Structure formats: C-alpha cells, structure tokens
Amino acid sequence: MTAAEALPAELPALSVWQPGASLIVAGLKRYDLHTWAAPPEFHYRRIAIHAASRPVGRPEIRKLLYYMPRDGGKGILHAEMTAEQLDDAIELVRQARWLPRGAFIGIVTLGKPVRTSEVPGTPYGGLSKADAGHWAWPMFPAQWMPQIKAKGTGGFFTMQVPDAWRREPADVI
C-alpha cells in the first residue's frame, strides 16, 4: 500500500494492547490471539490498528520476553522472521512501556482467523491464550501511519480516516 492508497472515509478498527499493536504494525507479530473469531465481513479487509491506552507493566514485559522464540521456534511472531527482525521484536518488547498508547498507529489486512491449534509451525501450546478453542487472527501486510490520538473500544469499531493518513505514511514509530 502506498500513501493511503485509496483509503475509504471510514475503516474498521481494532484496539490492541501494547506491545502487540506495534509488533503487528511492524510486521513482526503475524497473529493476534482472541477468544472469538473475527466476523466474516472483516476477513481480507484493511483495518486500522489502535494501540490501546492500557499501560504495560514489568511483569507483562517479562512474560512476553519469556515467550519470545527459543530453540528455533517463532512463538507468537512471524514464522519467516530473520535474526535481525527477531532482535527488533525483542527490543520493541523491552521498550513496551514507551510505545504509543491511546492512538491509531497503522493499517493491516486481516486474514481469515484459524484455531490456534491450526497455526502451522508455531508452538502456541505454551501461551495462556492458545488453549483449544481460541483463535489466531492473521495480520498482513502492515504499514505505519502517522499517530492519531483517539479512544478505542473492545471489539471492532469504526474509525473516521483523517487527512493525515491520506498523505505519505510514517515509516517508524
């Protein structure tokens, strides 16, 4: 997608806790885990990612770092990740307390959700949300956009696409 390539006036949006929101928009977290499947009308559509305003605490950061890849696995991250991208993801998690919160930060395309047990080559079994019956929502390709402060909500909601997103998108956080 290039500079707000044919963005409509409104986009479906999803609030995601940090550092997950930034990992998704950076293209480093391939799946977002949920207890419910995204409705079919959102499959294969661009959605705005809203970084929830919820603060990230030290225990959560420790837990995320614990679940980062070991023994060649990719955990919650993108399966084709290079060593450099893995280093970027680990650094992003370490900096989680300083990531944007309470703002729209980027756009992704939401794929068709699958059961966590069906995610190929990904050891989701050790994650608390990855029990049978949970859903992995594929997120691809991702693009940073200028941050727009806004309140989010649980589930999907509608975002009015701002003029700032109709110009050249941001490259970094």
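The values are calculated or read from the model by the stated rules, or taken from the named source; none is laboratory data. Being a predicted model, the structure only gives us computed values, none of them experimental. Cβ: placed from backbone, ideal geometry, glycine included. Neighbour counts: every protein chain shown.
Overview of values
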quantity	calculated
Long-range neighbours under 9 Å by Cβ, at least six apart or interchain, first residue touching a residue at least 40 places away in the same chain (Cβ under 8 Å) within the stretch 35-49, second in a helix (DSSP H, G or I) and among the aliphatic types (A, V, I, L, M)	Ile49/Ala21; Ile49/Ile24; Ile49/Val25
Qualifying residue in the stretch 92-103 (condition: in a loop (DSSP other than H, G, I, E, B), charged (D, E, K, R), modelled with pLDDT of 90 or more and farther than 15 Å from Arg30 by Cβ)	yes
Residues that are among the hydroxyl-bearing types (Ser, Thr, Tyr) and closer than 18 Å to Arg97 by Cβ, drawn from the stretch 18-66	Ser22, Ser53, Tyr66
The stretch 154-173, subset among the aliphatic types (A, V, I, L, M) and outside any loop (DSSP other than H, G, I, E, B), residue modelled with the highest pLDDT	Met159
Residue satisfying all of: in the stretch 127-141; modelled with pLDDT of 85 or more and touching a helix residue (DSSP H, G or I) at 6+ places or on another chain (Cβ under 6 Å); farthest from Ala6 (Cα to Cα) among these	Ala136
In the stretch 38-54, the residues that are farther than 14 Å from Pro141 by Cα and buried (at least 16 other Cβ atoms within 10 Å of the Cβ)	Ala38, Phe42, His50, Ala51, Ala52, Ser53
All positions within the stretch 3-24 that are outside any strand (DSSP E or B), surrounded by fewer than 23 Cβ atoms within 10 Å (Cβ to Cβ) and either touching a residue at least 24 places away in the same chain (Cβ under 8 Å) or touching a helix residue (DSSP H, G or I) at 6+ places or on another chain (Cβ under 6 Å) (or both)	Ala3, Ala4, Leu7, Pro8, Ala9, Trp17
